[in-house]
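Novice: Have a look at this one before I ask anything.
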Amino acid sequence: MTQDELKKQVAHAALQYLKNVPVIGMGTGSTVTHLINLLADCNFKNDIEAAVSSSKKTTDHLQSIGIKVIELNQSGDLDIYIDGADEVTPHKKMLKGGGGALTREKIIAGASKTFVCIVDESKCVDVLGKFPLPVEVLPLSRSFVARQLVKLGGQPELRVDQASGAPYITDNSCEILDVRNLTILDPIAMEKAINDIPGVITNGLFALRAADVVLVGQGSEVISY
Ligand code: 5RP
């Protein structure tokens with residue numbers, strides 16, 4: 001199977017977590033895109049009263065299949081949040097934010113009882129950090145934060161919009177530094193250390209709030225742990 005087929009397969013397995021859930025939390029990315037497409041044809045779609053979305057892209061997609069999107073302030077805590085990841089460990093700690101939606105993803109994950117992480121097998125790692133770690137920053141703090149990230153051993157690079165070549169701007173009107181070469185042996189300590197830098201909105205380590213269930217599209221099956 002191709003990577004995209006594995007993503008679709010694991011998205012299909014995740015549908016069961018959305019049954020009998022009135023308000024769902026929805027992540028961002030190509031695996032979640034498959035999930036929303038599959039949800040569009042599900043017989044229980046109309047039982048879903050609303051969704052809380054982690055990005056403008058996901059909001060548009062959910063609304064296009066007829067699902068109402070509400071704010072987290074309106075919904076209160078959620079039962080289920082489903083999202084992809086760029087890397088996930090056997091301890092269910094994740095590195096996320098390749099799609100740029102890390103801050104809203106982390107907020108909704110924090111407000112959800114169960115975080116179901118859906119990935120293809122290429123995302124499974126023992127140690128996080130091969131994938132560049134996204135750090136969302138206030139634009140005015142970009143250079144200062146970058147210097148602090150260098151002191152932590154990383155090589156930060158400002159994310160640019162591929163189409164325009166201009167700095168990539170998040171849904172929160174902020175910028176992203178993608179940090180290479182960090183040795184993330186203690187993800188919780190690294191998550192805290194980076195979040196402590198003034199100007200950082202959040203970083204893509206999801207270690208303090210790890211996943212509760214990980215579904216992996218692996219070969220012809222989906223495994224869960
Ligand atoms: C977006 C994310 C995504 O979950 C992550 O990048 C994985 O994306 P994909 O499902 O496209 O592989 O964190 O901010």
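The values are calculated or read from the model by the stated rules, or taken from the named source; none is laboratory data. The model shown is predicted, which means the values in this text are computed figures rather than measured ones. Methodologically, a virtual Cβ is constructed for each residue, glycine included, from the backbone with ideal geometry; neighbour enumeration extends over all protein chains shown.
Novice: Would you pick out the residues in region 79-107 that are farther than 19 Å from Ala189 by Cβ and away from the ligand (no atom under 12 Å from the Cβ)?
Specialist: Hits for region 79-107 are Asp79, Ile80, Ile107.
Novice: Here is a further query. Going by what's in this entry, would Ala85 be described as in contact with a helix residue (DSSP H, G or I) (Cβ under 8 Å, 6 or more places away or on another chain), buried (at least 21 other Cβ atoms within 10 Å of the Cβ) and in contact (Cβ under 8 Å) with a residue 12 or more places away in the chain?
Specialist: Yes: the conditions hold for Ala85.
Novice: Just wondering, is there one or more residues in region 154-171 that are part of a helix (DSSP H, G or I) and farther than 13 Å from Gly100 by Cβ?
Specialist: Scanning region 154-171 turns up no residue that is part of a helix (DSSP H, G or I) and farther than 13 Å from Gly100 by Cβ.
Novice: Checking Gln218 against (1) within 25 Å of His34 (Cα to Cα); (2) within 18 Å of the chain's Cα centre (by Cα), which test does it fail?
Specialist: Failed condition: (2).
Novice: Oh, and also: Among the residues of region 61-69, are any closer than 18 Å to Ala210 by Cβ, at pLDDT 95 or above and not aliphatic (A, V, I, L, M)?
Specialist: no
Novice: Here is a follow-up. Of the numbered conditions (1) closer than 23 Å to Thr31 by Cβ; (2) away from the ligand (no atom under 14 Å from the Cβ); (3) free of Cβ contacts under 8 Å to residues at least 60 places away in the same chain, Pro187 fails exactly one; give the number of that condition.
Specialist: If we test Pro187 against (1) closer than 23 Å to Thr31 by Cβ; (2) away from the ligand (no atom under 14 Å from the Cβ); (3) free of Cβ contacts under 8 Å to residues at least 60 places away in the same chain, just (3) comes out false.
Novice: Considering only region 1-45, how many residues are closer than 25 Å to Gly76 by Cβ, β-branched (Val, Ile, Thr) and either at pLDDT below 95 or in a helix (DSSP H, G or I) (or both)?
Specialist: Adding up the residues that qualify gives 2.
Novice: Would you mind telling me which numbered condition in (1) of a type in the set (D, E, K, R); (2) away from the ligand (no atom under 16 Å from the Cβ); (3) buried (at least 24 other Cβ atoms within 10 Å of the Cβ) Arg142 fails?
Specialist: The failed condition is (3).
Novice: With Gly110, Gly76 as the choices, which residue is over 19 Å from Leu62 (Cβ atoms) and more than 10 Å from the ligand (Cβ to nearest atom)?
Specialist: Sole residue among the options that is over 19 Å from Leu62 (Cβ atoms) and more than 10 Å from the ligand (Cβ to nearest atom): Gly110.
Novice: Step by step: first the residues of region 19-50, then only those that are within 16 Å of the chain's Cα centre (by Cα) and within 12 Å of Ile70 (Cα to Cα), then the one that is surrounded by the fewest Cβ atoms within 10 Å (Cβ to Cβ). Which residue is that?
Specialist: My answer is Ile24.
Novice: Okay, moving on. May I ask you to say which residue of Arg104, Arg147, Arg159 is outside the structural domain of His12 (by TED's automatic domain parsing) and either buried (at least 23 other Cβ atoms within 10 Å of the Cβ) or in contact (Cβ under 8 Å) with a residue 40 or more places away in the chain (or both)?
Specialist: Arg159
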